[in-house]
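Student: Structure in structure tokens, see below.
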Amino acid sequence: MGRIFHLLTKRVIFLASLLLFSCLGGERKTESNDEPLRDLAAIMADGKLVAVTDFNATSYFIYKGEPMGYQYDMLRDLATFLGVKLELIAENDIEKSFELLKKGEVDIIANSLAITAQRKNEVDFTIPHGETSQVLVQRVPRDGQPLSVEKPLQLAGKVVYVQRSSAAAQRLKNLSDEIGGGITIVELPNHDSDKLIELVATGEVDFVVCDESVARVKAAYYKNINIDIPIGFPQHTAWAVRKSSPDLLKRINTWLEGYLKTAHYKNIENKYFSEERFNRRANNDYFYMYTGRVSQWDEYFKRYSQNIDWDWRLLASLVYQESRFRHDVTSHRGASGLMQMMPQTAEYFGVDSTVSPNKQIEAGVKYLKWIDERFEGYNIPREERIKFVLASYNAGIGHVIDARNLAIKYGRDPNVWENNVEYFIRNKSEYINDTVVKYGRLKGAETYRYVKEIIERYEHYKNIVGE
């Protein structure tokens, strides 16, 4: 009897241990579907919202050097409402976006997702922020000939392209069943409505089915396409979160209920879905989605960034911060050109305000390399050292040295930027009489924003701009 009691006691302890481990383990799961339990509380504790969205000519793109887009603007406003930073992943494959959500690598899918019964079994949708329907896109015949397809039934025997796992793909499958089959459906994983329409306009394919909202904007740009044949009925569109994130869903819905009624939101809609404003962007040389160019100086960024072993997109982000890519601008302090070098510094590196943009960039990179070399002996990790170099380019290396020395004195890490050296940059005025401060006063908030904005813009460039 005692032996049985002993064995039962061990079994109870073992089961209790398993239960405790499951509750306190590194990645907690729900009982029902093994989804990560990352809800609003975890997001607030981390101080960041991680979202995935598609990158195209309306949702998220680079225009004249800046990130823009319908989804991007809304997400940025949501992050501000929550009081957290926005971390954005760009992905045009819908299946991959859902997989990222399922694994807990993102908190929200911020696409204009059609709300379908099948998807509602997998995720929770926010309240709708729009609606769309599917349309057939085909080329306009020459010489007044009739359209190749004038009603959906005529798609039998045709090859039609859609985005993989999209509402258009599902609707087309349903249509094929309704008419007794015969539609050859080709699902492309990384082709959203924007890219699909371009395939039709350029003659690479004959038919695609995609969202009407995007098709209407694109039809104003491509004059050789027709979008008049509807495929199915209008559907609500929304964002998606995990079913294990009910608090996040509730907070987003609370925000959306007010946000969607504001003039600010209406302006965002008009900004990205107005045909006139879309055409203005589409015809600009620096609309990256169409031209593949961030600026007119991209070739110089690619050439000279190699001299300091930087990603050229990081150098581009710095130059945008300095001059908005204008080579002939002079600041009120006397800094000039693309790199906004002060006259004394420019002279030291062998240039003045009259040299070509090519030479301006070359000289600026030499200055960046000079700064970088000053930090080589400190064993600062490479990713951190870039931030030290950026801060020094803005404020002067002396102020950064002061901030490092303050970090050492007050028990913070002198080789880490965020919450360490940058704290003393931002608050240097409070330590102006400290014995380790040698280089005087600084408006540190400006330098802090400078580094932050360059790095954030660089992350957007990495999302969208090819290496």
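The values are calculated or read from the model by the stated rules, or taken from the named source; none is laboratory data. Source: prediction; values computed, not measured. With ideal geometry, Cβ positions are generated from the backbone for all residues, glycine too; neighbour counts draw on all protein chains shown.
Student: Residue 241 passes all but one of (1) aliphatic (A, V, I, L, M); (2) more than 22 Å from the chain's Cα centre (by Cα); (3) buried (at least 17 other Cβ atoms within 10 Å of the Cβ); which number fails?
Tutor: Evaluating residue 241 over (1) aliphatic (A, V, I, L, M); (2) more than 22 Å from the chain's Cα centre (by Cα); (3) buried (at least 17 other Cβ atoms within 10 Å of the Cβ) leaves (2) as the failure.
Student: Among the hydroxyl-bearing types (Ser, Thr, Tyr), outside any loop (DSSP other than H, G, I, E, B) and under 21 Å from the mean Cα position of the chain (by Cα): which single residue out of 393, 458, 448, 423 fits that description?
Tutor: Selected residue: 458, the only one of 393, 458, 448, 423 that is among the hydroxyl-bearing types (Ser, Thr, Tyr), outside any loop (DSSP other than H, G, I, E, B) and under 21 Å from the mean Cα position of the chain (by Cα).
Student: Within the set of pairs 6+ apart or on separate chains, which have a first residue in the range 130-153 that is farther than 30 Å from residue 74 by Cα, a second that is in a strand (DSSP E or B) and not aliphatic (A, V, I, L, M), and C-beta atoms under 7 Å apart?
Tutor: What qualifies is 138/226; 140/226; 147/138; 147/226; 148/138; 149/138.
Student: Quick one: would you say residue 123 is surrounded by fewer than 24 Cβ atoms within 10 Å (Cβ to Cβ), in contact with a Gly (Cβ under 6 Å, 6 or more places away or on another chain), in contact (Cβ under 8 Å) with a residue 24 or more places away in the chain and more than 24 Å from residue 217 (Cβ to Cβ)?
Tutor: For residue 123, the condition - surrounded by fewer than 24 Cβ atoms within 10 Å (Cβ to Cβ), in contact with a Gly (Cβ under 6 Å, 6 or more places away or on another chain), in contact (Cβ under 8 Å) with a residue 24 or more places away in the chain and more than 24 Å from residue 217 (Cβ to Cβ) - is not met.
Student: Taking the range 135-164 as the region of interest, how many residues are in contact with a Ser or Thr (Cβ under 9 Å, 6 or more places away or on another chain) and buried (at least 18 other Cβ atoms within 10 Å of the Cβ)? Outline the logic, then answer.
Tutor: Step one: filter the range 135-164 for residues in contact with a Ser or Thr (Cβ under 9 Å, 6 or more places away or on another chain), giving 137-139, 141, 154-160, 163.
Subset that is buried (at least 18 other Cβ atoms within 10 Å of the Cβ): 137-139, 155, 160, 163.
Result for the range 135-164: 6.
Student: Sticking with this one: Spot the failing condition for residue 359; the list is (1) modelled with pLDDT under 95; (2) surrounded by 14 or more Cβ atoms within 10 Å (Cβ to Cβ); (3) out of contact with any helix residue (DSSP H, G or I) (no Cβ under 8 Å at 6 or more places or on another chain); (4) of a type outside the set (Val, Ile, Thr), and only one is missed.
Tutor: (1)
Student: Of the residues in the range 331-341, how many are surrounded by fewer than 18 Cβ atoms within 10 Å (Cβ to Cβ) and at pLDDT 95 or above?
Tutor: So the count comes out to 0.
Student: Right, here's the next one. Restricting attention to the range 105-118, which residues are crowded, with 19+ Cβ neighbours inside 10 Å, touching a residue at least 60 places away in the same chain (Cβ under 8 Å) and either under 20 Å from the mean Cα position of the chain (by Cα) or within 14 Å of residue 241 (Cβ to Cβ) (or both)?
Tutor: Here is the first cut: in the range 105-118, the residues crowded, with 19+ Cβ neighbours inside 10 Å are 106-114.
Now narrow it down to the ones that are touching a residue at least 60 places away in the same chain (Cβ under 8 Å): 107-114.
Those that are crowded, with 19+ Cβ neighbours inside 10 Å, touching a residue at least 60 places away in the same chain (Cβ under 8 Å) and either under 20 Å from the mean Cα position of the chain (by Cα) or within 14 Å of residue 241 (Cβ to Cβ) (or both): 107, 108, 109, 110, 111, 112, 113.
Student: Then there's this: Filter the range 297-328 down to the residues that are closer than 17 Å to residue 464 by Cβ and charged (D, E, K, R) and list them by number.
Tutor: 298, 302, 311, 313
Student: Just wondering, is there one or more residues in the range 302-310 that are outside any helix (DSSP H, G or I) and not β-branched (Val, Ile, Thr)?
Tutor: Scanning the range 302-310 turns up at least one residue that is outside any helix (DSSP H, G or I) and not β-branched (Val, Ile, Thr).
Student: Test residue 353 against the criterion of being modelled with pLDDT under 95 and among the polar types (S, T, N, Q), and give yes or no.
Tutor: Details: modelled with pLDDT under 95: yes; among the polar types (S, T, N, Q): yes.
Taking the combined requirement at face value, the residue satisfies it.
Student: Right, here's the next one. Among the residues of the range 40-61, how many are under 17 Å from residue 293 (Cα atoms) and within 10 Å of the chain's Cα centre (by Cα)?
Tutor: Summing the residues that are under 17 Å from residue 293 (Cα atoms) and within 10 Å of the chain's Cα centre (by Cα) in the range 40-61 gives 3.
Student: Within the group 410, 431, which residue is touching a helix residue (DSSP H, G or I) at 6+ places or on another chain (Cβ under 6 Å), more than 19 Å from residue 386 (Cβ to Cβ) and surrounded by fewer than 19 Cβ atoms within 10 Å (Cβ to Cβ)?
Tutor: Details: 410 fails: touching a helix residue (DSSP H, G or I) at 6+ places or on another chain (Cβ under 6 Å).
Checking each option against the conditions leaves just 431.
Student: Let me confirm something: among 416, 436, 421, which residue is surrounded by 18 or more Cβ atoms within 10 Å (Cβ to Cβ) and at pLDDT 95 or above?
Tutor: Working: 416 fails: surrounded by 18 or more Cβ atoms within 10 Å (Cβ to Cβ); 436 fails: surrounded by 18 or more Cβ atoms within 10 Å (Cβ to Cβ).
One residue alone meets the criteria, 421.
Student: Taking the range 214-258 only, how many residues are of a type outside the set (A, V, I, L, M, F, W, C) and within 30 Å of residue 104 (Cα to Cα)?
Tutor: Of the residues in the range 214-258, 15 are of a type outside the set (A, V, I, L, M, F, W, C) and within 30 Å of residue 104 (Cα to Cα).
Student: Show the residue pairs meeting these rules: Cβ distance below 6 Å; 6+ apart or different chains; first residue within the range 203-227 and under 17 Å from residue 191 (Cβ atoms); second residue aromatic (Phe, Trp, Tyr) and part of a loop (DSSP other than H, G, I, E, B).
Tutor: Partner pairs satisfying both residue conditions: none exist.
Student: Related question: Looking at (1) buried (at least 20 other Cβ atoms within 10 Å of the Cβ); (2) touching a Leu at 6+ places or on another chain (Cβ under 6 Å); (3) not basic (Lys, Arg), find the lone condition where residue 207 falls short.
Tutor: Among (1) buried (at least 20 other Cβ atoms within 10 Å of the Cβ); (2) touching a Leu at 6+ places or on another chain (Cβ under 6 Å); (3) not basic (Lys, Arg), residue 207 violates only (2).
For every residue, the table says whether it meets (1) among the hydrophobic types (A, V, I, L, M, F, W, C); (2) in a helix (DSSP H, G or I); (3) in contact with a Ser or Thr (Cβ under 8 Å, 6 or more places away or on another chain).
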| residue | (1), (2), (3) |
| --- | --- |
| 181 | no, no, no |
| 186 | yes, no, no |
| 214 | yes, yes, yes |
| 221 | no, no, no |
| 232 | no, no, yes |
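Student: Could you please give the count of residues in the range 291-314 that are under 16 Å from residue 66 (Cβ atoms) and within 21 Å of the chain's Cα centre (by Cα)?
Tutor: 7
Student: Now, a different point. Mind checking whether some residue in the range 180-188 is buried (at least 19 other Cβ atoms within 10 Å of the Cβ), in contact with a Phe, Trp or Tyr (Cβ under 9 Å, 6 or more places away or on another chain) and touching a residue at least 12 places away in the same chain (Cβ under 8 Å)? Full working, then the answer.
Tutor: First, pick out the residues of the range 180-188 that are buried (at least 19 other Cβ atoms within 10 Å of the Cβ): 183, 188.
With in contact with a Phe, Trp or Tyr (Cβ under 9 Å, 6 or more places away or on another chain) added as a condition, the list becomes 188.
Among the residues that remain, those that are also touching a residue at least 12 places away in the same chain (Cβ under 8 Å) are: 188.
Within the range 180-188, one or more residues are buried (at least 19 other Cβ atoms within 10 Å of the Cβ), in contact with a Phe, Trp or Tyr (Cβ under 9 Å, 6 or more places away or on another chain) and touching a residue at least 12 places away in the same chain (Cβ under 8 Å).
Student: Next question, about the same structure. Tell me whether the range 322-330 contains one or more residues that are among the polar types (S, T, N, Q), at pLDDT below 95, in contact with a strand residue (DSSP E or B) (Cβ under 6 Å, 6 or more places away or on another chain) and surrounded by 21 or more Cβ atoms within 10 Å (Cβ to Cβ).
Tutor: no
Student: Another one. Counting only residues that are in a loop (DSSP other than H, G, I, E, B) and either free of Cβ contacts under 8 Å to residues at least 40 places away in the same chain or aromatic (Phe, Trp, Tyr) (or both), which one in the range 275-295 is surrounded by the most Cβ atoms within 10 Å (Cβ to Cβ)?
Tutor: My answer is 286.
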